[in-house]
Every structure is written in C-alpha cells, then in structure tokens.
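Rule-based calculations on the coordinates, nothing more; no lab input. What you see is a predicted model; the values in this text were computed from it and never measured. With ideal geometry, Cβ positions are generated from the backbone for all residues, glycine too; neighbour counts draw on all protein chains shown.
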2 protein chains.
Amino acid sequence: MRSRFAENVDRLAADLAAMCTGVESMMADASRALMSADTHLAEQVIATQEECDSAARQWEQTAFALLALQAPVASDLRLMIGGMHIAADLERMGALTTHVAEAVLRRHPAHVVPSEAHGILADMGRVAVAVAGETHRVLAQRDPVRAAALERADSEMDALHRALFERITSDRWEHGVMEAVDVTLLGRFYERFCDHAVAIGHHVVFLETGLAGDAEEGSAGEPLQRPR
Amino acid sequence: MRSRFAENVDRLAADLAAMCTGVESMMADASRALMSADTHLAEQVIATQEECDSAARQWEQTAFALLALQAPVASDLRLMIGGMHIAADLERMGALTTHVAEAVLRRHPAHVVPSEAHGILADMGRVAVAVAGETHRVLAQRDPVRAAALERADSEMDALHRALFERITSDRWEHGVMEAVDVTLLGRFYERFCDHAVAIGHHVVFLETGLAGDAEEGSAGEPLQRPR
C-alpha cells in the first residue's frame, strides 16, 4: 500500500500536468480569439487566469507543507523544488495567454492583427499550442529525453519571431505604427511562452535525473546536490 | 557560537542581497549605455550576464544541498524556498538589462532611442535603478514593510509605460515603424524588470512572515504552511 506521503507526492506530480493542460487550452483559445477577433472567447481566457494563478499558489502551498512536515529527500525533494519553478513557469505561461487575449479586446471592433502579420502569428499560435501539449506529455511522463527536445520547438518559435520582425520592419509594411506595436508585443508574448516551456523541460530533467537541464548554459551534468 | 548551518543560512541571505547589487549596477550601466548609445558599456553589461546567471544557479545549488542535508524548518526553510524564487527573479532582471544593452548594439551607429522617447526612457531607467536599489535594501534588511512598498515604485513605472505607448502611437510620432518597435520592446523590458522587483518584495514578505505577500491577488494573510 502506498503511504499517505507517497500519495501526496503522486498528486503533486499529477497536478503539474493538469495545470499544463489548462494552460494549453488557454493558449488554444487565446490564439483562436486573436485570429478571429473573437472578444467573447478572449474574455473567457482572461476569466480563466485566476484559476491558473490559484492552482499554482495551491501547488506551492502543498509542496511547502510537505517539505516542512516530511523533510523529503532525493527524487521527492527534487519534485518539490523543481515543481515550484514549474508551477511558476505555468502561471507565467497562463499570464502570457491572457496578454494575447487582452490585445483582442484592446482594438475591438478592429482586428488587432493586420493581414500582413496574420499568417506568421497564426503559425506562432499553432507552435505555442503544440509546445504546451508536448510540455504536458513531458510532465505527465516525466521523460527527460522528451523534455530536452522542447528546445527544438522553441527554435521553430524563434525563427517565426525573427520572420515577424522582418515583416514588420520591412519597407513593405503598409500598416501604421500602432499595428506594428501590437504585433511586436504579441510576438514577444508567444516567444516568452515557449521560453517558459523550455525552462520546464530543464526542470523536468533536473527532477528526474538530479542534473541541471540547461545544457546550453554550461552546467549540464553538474549534480545540483553538491554543496559549495 | 553560530553553528555551521546557521552560518550557511546567513550567507545565503547575504548572497541574495549581493546578487541584487550586481543587477542594480547592470541596470545603471545598461540605461546609461542606452541614453548615450555607448556600445562599449553595453558590451560590458552583456558580458556580466553570465556572472549573474551563475550566481543564481550557485545559490540554488547551495540551498538545495542544505535542504537535502539539513532539512531546515520554519524561517530557514522559508528562506530557501522564497530565496529560490528570488534568485530566479534576480536572474531574469539581469537578463532584461542585457536585452536593453543588446538594443544599443542592434542599431549602432544609429541611436536606438529617438529623441521623442528619450525623456520617458531616461525616466524609466532612473526608476528601474531606484527600484533595484530599494530591492537591495529590502533583501539586506529583510524588511516586509519596505518590501510591500515596492508596489508603489512599480506604479510609477506603469505610468511611464503608459505614457511611452501614448507617445509612440500618437499622431505626432515622427519616427518610423522600426523605431516604434525598438521603443516598444525597451518599454516592456523596463516594465518587466520592475514586476520582478515587486515579486521579490512578495517573497520577502513570505520569508519574513510566512504570509503570502501578493495581497492584491487575494491571498494575503493566508499562511503558506497549511496543507490541503
């Protein structure tokens, strides 16, 4: 029989995956709202943000209580510490979907996305939803290999982000400054959304292996348990 | 005589304050580089980013080792958990100063800041440096009252951010789309920098009092130790 503590740990792991499903669906709705200038859907996304915040806060409270009362070690401790960062990343991803939704409302009844940026932003939305879905699988399966592969999806997003900037700043941009400002911020929101997914991948590598997951920053393979 | 463990805890607290001094000085340099289009200074800021990242990673490794080996409770546990978030916020603040510095290089030898946005961005730089200085004092003194007051400085930044957008999108904006895009992103970097300072304030309230610091999100006064 699993102990009460082990059940709590399992639930914490499952809750991270569940939070990610929520973020994925927020991102799907926000991107759909953006493409179709659907203010009703945008408002729904904004209304969900509080749930996302409160799930993250609840997660942290539960983990803190378990840390204080049970003093977990090894992989359980890593789940709580890595999970706190993951919960914070998921909360921030939710906030970024809300920013996308808010842009829809800001220009209503006008479309916030001018025709020239429509294709690239639609692609960014698709990549973001796919990345959130993959992040959910990484969290549900706690698969460090899959986690590290989130970087590739992020490269795709970075390429779209560069293409978006080239489009806005090219001589052929026929829209005004306000449209450029809106599209600049939207591009930034999508890009940051994926950055947080990559960070979650690093945290999953850490909580599964005890190794830092951010290889490109020169710390891969360095055990995090080593005191200085 | 203080125990070895207590000395480690003291050092962790002092290291957070020291990291913040580093971020404050990066922000001062980045803002000065931005105003004077000083590429040499901008490059210095960018070169410092690695130090900032590695200090945050080192902090987390030390805290994790203490958590694993000593199973701290009460205020020591809160320092490690709250401190992990604070270290992450400081690292992100450092990254945002680097983004400001990168903008200087991107348009060299042209000035990235057009004359019309010069005054507001100079003010944003001043507020950001002041906020970083105040965050340092909050961390050094671990003063929850002062921590909560960081919100006020953030309101000042938000007002400047709104003024910047009005300036860019007004009919009197005589610069091009590219300049507007640059200034939009710079404004966003400054605004996010202050958001992270506010988040640090919330974490200091938590680590000093055990209460959630983000009162405006409806969780003030709720003890974080309560298991669900």
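Find out how many positive minus negative residues lie around A:Leu105, taking Lys and Arg as positive, Asp and Glu as negative, among other residues whose Cβ is under 11 Å from that of A:Leu105.
Summing Lys and Arg as +1 and Asp and Glu as -1 gives -1.
Could you tell me how far the Cα centroid of the range B:34-56 sits from the Cα centroid of the range A:42-97, in Å?
Value for the Cα centre distance between the two parts: 32 Å.
Mind checking the angle between helix A:74-106 and chain A's longest principal axis? C-alpha axes, 0 to 90 degrees, to the nearest 10.
So the inclination is approximately 20 degrees.
Can you sort A:Phe5, B:Phe64 so the residue with the fewest Cβ neighbours within 10 Å comes first?
Ordered from fewest to most neighbouring Cβ atoms within 10 Å, A:Phe5, B:Phe64 come out as A:Phe5, B:Phe64.
With unit charges on the beta carbons (Lys and Arg positive, Asp and Glu negative) and the dipole taken about the Cα centre of chain B, which residue among B:Ala71, B:Leu12, B:Trp59 sits farthest to the positive side?
Of the candidates, B:Ala71 comes out farthest on the positive side.
Relative to the first principal axis of the alpha-carbon coordinates of chain A, what is the inclination of helix A:115-141, with its axis defined by its Cα atoms, in degrees from 0 to 90 and to the nearest 10?
The angle comes out near 10 degrees.
Based on the alpha-carbon gyration tensor of the range B:4-216 and its eigenvalue square roots a ≥ b ≥ c, which shape applies: rounded if a/c is under 1.5, prolate if not and a/b is larger than b/c, or oblate?
Working: a/c = 3.07, a/b = 1.87, b/c = 1.64.
The shape class here is prolate.
Hey, what angle do you get for helix B:4-36 against the long axis of chain B, alpha-carbon based, 0 to 90 degrees rounded to 10?
Tilt relative to chain B: about 0 degrees.
Just rank A:His40, B:His202, fewest to most, by other beta-carbon atoms within 10 angstrom.
A:His40, B:His202
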